[in-house]
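Scroll down for the structure; my scribbles are underneath it.
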Amino acid sequence: MTKLSRVTCHAVHELGEKAREALARELFGVHAQIFGGLDFAGFRHYVIDRPAWRTWIWVKRSDEGRVVGYHATHVFRLDVQGRPSTVVRMEAGTLPQWRGHDLIMVNNCLRLLSLWLQAPRRQWSIFAALTHPSSYTFLSHYAPVIWPQPHLPTPPEVQRQMEELADTFGLERVDAANAMVRRVNWITRETEQERERWRASRRVNARFYMRANPGYVEGHGLVTLIPMDGAILLRALSNFLVGRAGRLSRILFGIAAPQPDAPSTEIPLPAPVVVKARPRPSDFAALDFKPSRH
């Protein structure tokens, strides 16, 4: 049974040139096994050398010391729609057999919560251009609020903010008439059988993503925004801990996972534990919204 991966965290904003180069080389080795579309220079620019206020990268290793995955978090301080804002961007990649075997999301949520407590009056959000349905389904499963979503249209105020952020980060439109799909050039390496499983998925969020961004197989990303404040971070953390409790307990205590009676064609994701209501105006109070993440 695969164990919890060993994780180290690097404060990239404190690293010198040689340390950054070494880290980039090490991570690109595992990145290239998971994604296509970026050469080493493009990977380093996107993951290591972002002009962010703070960048932390968690590196996952096996017991033998082999790098099996990474998670990068970048924190930007900029003005969005004329308001001081903190925007978080992330990239992640993990070899299949090691997915779900770490607590990086817990550490990351706690770090972001600490930063939010230092400046709660700023507008906070997580912004992404998601290049695979698994990223969108993961985030929509744990995030209390996410845009766009299948159940409600994106409010105009949020739509404008998403477009501004996509332009600010230099994400080119794939179609001039569609501001929500941008060119990212990260292509997940997967078989045609795996892609067919996503096409056949019955999950509402997966089907929504596939309709909104069928060109993900060419490296197109769906512009996605998660409003963020202390309450939202705590709710996301709680959802994650409850949803992953069974898997993490089995890993920690060496308990074999229950085997299904027959193979399933459904994409494996943690079963929802809490039924979340539709967003309410109070969900956006800290961000001054009029009801409005691979």
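Considering only segment 125-159, how many residues are among the charged types (D, E, K, R) and closer than 18 Å to PHE76 by Cβ?
Result for segment 125-159: 0.
Test HIS132 against the stated conditions and say whether it is over 19 Å from THR86 (Cβ atoms), modelled with pLDDT under 95 and out of contact with any Cys (no Cβ under 7 Å at 6 or more places or on another chain).
Here the answer is no, as HIS132 does not meet what is asked.
Can you list the strands (runs of 3 or more DSSP E) found entirely within segment 59-175 that contain at least 2 residues being buried (at least 21 other Cβ atoms within 10 Å of the Cβ)? Give the steps one after another, and end with the answer.
Values: elements: 67-80, 83-94, 123-130, 172-175.
Once the strands (runs of 3 or more DSSP E) in segment 59-175 are filtered for at least 2 residues that are buried (at least 21 other Cβ atoms within 10 Å of the Cβ), what remains is 67-80, 83-94, 123-130.
What about GLU172, is it touching a strand residue (DSSP E or B) at 6+ places or on another chain (Cβ under 8 Å), of a type outside the set (A, V, I, L, M) and within 17 Å of SER85 (Cβ to Cβ)?
It is false that GLU172 is touching a strand residue (DSSP E or B) at 6+ places or on another chain (Cβ under 8 Å), of a type outside the set (A, V, I, L, M) and within 17 Å of SER85 (Cβ to Cβ).
Pairs, please: C-beta under 6 Å, at least 6 apart or cross-chain, first residue more than 16 Å from HIS71 (Cβ to Cβ) and in segment 19-35, second open to solvent by less than 40 Å² (accessible area, probe 1.4 Å)?
Once the first residue is more than 16 Å from HIS71 (Cβ to Cβ) and sits in segment 19-35, its partners that are open to solvent by less than 40 Å² (accessible area, probe 1.4 Å) give ARG20/ILE48.
Would you check which residues across segment 9-44 are in a strand (DSSP E or B) and under 16 Å from ARG189 (Cα atoms) and list them?
Restricting attention to segment 9-44, the residues satisfying the condition of being in a strand (DSSP E or B) are 9-11, 35-36.
If the condition is that a residue be in a strand (DSSP E or B) and under 16 Å from ARG189 (Cα atoms), then PHE35, GLY36 are the ones that fit.
Could you list, in sequence order, the residues of segment 46-65 that are under 15 Å from ALA92 (Cα atoms) and more than 18 Å from the chain's Cα centre (by Cα)?
So the first thing to find is which residues in segment 46-65 are under 15 Å from ALA92 (Cα atoms), and the list is 46-48, 50, 55-61.
Hit for segment 46-65 is ARG61, nothing else.
Determine, yes or no, whether ALA212 is surrounded by 14 or more Cβ atoms within 10 Å (Cβ to Cβ), modelled with pLDDT of 95 or more and in contact with a Phe, Trp or Tyr (Cβ under 9 Å, 6 or more places away or on another chain).
Against the criterion (surrounded by 14 or more Cβ atoms within 10 Å (Cβ to Cβ), modelled with pLDDT of 95 or more and in contact with a Phe, Trp or Tyr (Cβ under 9 Å, 6 or more places away or on another chain)), ALA212 qualifies.
For segment 29-49, which positions are farther than 20 Å from GLN97 by Cα and open to solvent by 30 Å² or more (accessible area, probe 1.4 Å)?
GLY37, LEU38, ASP39, PHE40, ALA41, HIS45, TYR46, ASP49
Please go through segment 181-225 and pick out each residue that is of a type in the set (D, E, K, R), part of a loop (DSSP other than H, G, I, E, B) and either within 16 Å of the chain's Cα centre (by Cα) or under 20 Å from GLU91 (Cα atoms) (or both).
The answer is ARG189, GLU190.
The values are calculated or read from the model by the stated rules, or taken from the named source; none is laboratory data. Values in this document were obtained by computation on a predicted structure and should not be read as measured data. Using ideal geometry, Cβ is built from the backbone for each residue, glycine included, and neighbour counts are taken over all protein chains shown. Remember, those area values only see protein heavy atoms, side chains included, never the ligands or the DNA or RNA. Shrake-Rupley method; radii C 1.70, N 1.55, O 1.52, S 1.80 Å.
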